[in-house]
Amino acid sequence: MKPREIASGVYWVGAEDFDRRLFDSLIPLPDGTSYNAYLIRGRNSTALLDTVDPSMVDKLKDNLAGVGTVDYVVAHHAEQDHSGSIPWALERYPGAWLVCSAPAKNMLVDHLLVPEERIRVVADGETLALGGKTLRFIYTPWVHWPETMSTYLEEDKVLFSCDWFGSHLATTDVVIEGVECIFEPAKRYYAEIMMPFRRIVRQNLEKIRPLEIRVIAPSHGPVYRDPGSVIRAYLDWTDDQPHNLVVLPWVSMHGSTARMVDRLIGGLAERGVSVQPFNMASADIGKLAMTLVDAATLIVGAPTVHVGPHPAVLYAVTLANALRPKVRFASVVGSYGWAGKMVDLIKTGLPNLKVDFLEPVICRGFPRQEDFNALDRLADGVALKHKELGLL
Ligand code: FEO
């Protein structure tokens, strides 16, 4: 796609990647993604904000074909989907400075082998005047690497946020109004990338609160002309209070665990508790991550394989532990054939979650009436905990 002017003298010059389906060999990209780079033309100088994934450097070359001079290449983040074409940009514009935060300097040298002498480190709050366009650099650490930085364009009130507020979405609609059409990709992105740093994201939200922001221009997905809506969504996602929701990753081998999960879902629903189950044999882990953003309770449903939980469920446990959601309660339901340490292994797989463990329900073979009664008591317990938190 050709460059788009998103504000006076400010151009999107990035690349839409409609076909990419996996990020970091881990994160599903059902809607592709984009690598947003921006060109800001001042009266005296020109700045390029970020670049694109190296696989798409030709798109960046096309979009900069008519740009004779770039004086500054701003690197908000050293991860290669944004920084990977910086070596090309520095070669194309031999007089350009590479501008970055102090923690980013060594990372850019280590990851991209760029020459140190081309790097100009800027301090938190430092400004750079391009002539009628003033860039204010704002350190916004851990969204989602330690070196991440944002830029505020003072005259046009545009916040270039790099990864945070982003969404993995390839679209020809480079600029959008509102957040409704982008809510799911933006939440999915937050869940997968930002949630482990929820409290620091919250601090960064406080840091930008004094700014008048008319536009948020992230480095993935569309530019927001109504930034208040995505900021409000981030305030909800990073809030300590969960929702009245149970997330239930489960898998079954011969039907016993499936029957237990079915009874538990019904019992919770009857008590007014929302449940989102994920059969890990086919689950979209992005949707699982999104559900973990809001859930108050995590219940794992697993059969026993040898002595431990089914590996597909352990994947969900590992994911939940890594993403550090704000869940308050957890439990385990499942079955075994002759013996097992399933519950202990699931519990020890969740050290990052500060949760109150509710009594697990484990049966031998197919569940009997006493097992169904125990599942109903677990549903009672979850409903009570949610009530005590004011969620129900
Ligand atoms: Fe989009 Fe953390 O890179």
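Assorted remarks:
- Long-range Cα-Cα pairs in region 182-232 (distance over 13 Å), rounded percent: 63
- All C-alpha to C-alpha distances of region 245-386, sorted into 5 Å bins beginning at zero, yield P(r) values of 2, 11, 23, 25, 23, 12, 3, 0 percent in whole numbers.
- Comparing Cα centroids, region 226-296 and region 357-392 end up 16 angstrom apart.
- Least to most buried among TYR72, TYR35 (fewest other Cβ within 10 Å first): TYR72, TYR35
- Spatial separation of Cα centroids for region 17-39 and region 57-82, in angstrom: 17
- Spin-label model distance (nm) - GLU184 vs ARG214, 7 Å beyond Cα toward Cβ: 3.3
- Hydrodynamic radius of the chain per Kirkwood, over alpha carbon pairs, in Å: 22.5
- Beyond 18 Å, the tail of the calculated P(r) for region 334-392 holds 49 percent of the Cα pairs.
- Highest average packing first - 38-46, 336-344, Cβ atoms within 10 Å: 38-46, 336-344
- Entry note, the chain: the mean residue ellipticity at 222 nm calculated from DSSP H runs of n ≥ 4, each adding -39500 (n - 2.57), is -9500 deg cm²/dmol after division by the residues and rounding to the nearest 500.
- Bins of 10 Å, starting at 0 and running to the largest distance - Cα pair percent for region 69-165: 17, 51, 30, 2
- Counting only GluC sites (Glu not before Pro) that DSSP places in a loop and that have at most 16 other Cβ atoms within 10 Å, the longest clean stretch of the chain runs over 213-392.
- Once the gyration tensor of the Cα atoms in region 200-261 is diagonalised, the equivalent ellipsoid follows with semi-axes of 39, 15, 9 Å, ordered largest first.
- Kirkwood hydrodynamic radius over Cα pairs of region 4-238, then Stokes diffusion coefficient at 20 °C and 1.002 mPa s, in µm²/s: 123
- The overall shape of region 158-293, judged from the alpha-carbon gyration tensor, is prolate: a/c is not under 1.5, and a/b is greater than b/c.
- Per-residue Karplus couplings for region 44-51, computed as 6.51 cos²θ - 1.76 cosθ + 1.60 with θ equal to phi - 60°, are listed in order as 10, 9, 10, 10, 9, 9, 6, 10 Hz, Gly and Pro entered as x.
- Pairs of lysines in region 132-290 whose Cα atoms sit within less than 23 Å of one another amount to 5, provided the residues are eight or more positions apart or on different chains.
- Cross-link partners for LYS59 among the lysines, with Cα-Cα distance under 23 Å and sequence neighbours closer than 8 places in the same chain left out: LYS2.
- Multiplying each eigenvalue of the alpha-carbon gyration tensor of region 1-115 by 5 and taking the square root yields semi-axes of 22, 19, 12 Å, largest first, rounded to whole angstroms.
- Cross-link reach list, lysines versus LYS385, counting only Cα pairs under 17 Å and skipping chain neighbours closer than eight places: LYS326, LYS354
Laboratory data are not the source of any read-out in this text; all were calculated from the coordinates shown. Computed from a predicted structure; not experimentally measured. Counting neighbours? That spans all protein chains shown, and the Cβs are built from the backbone with ideal geometry, glycine included.
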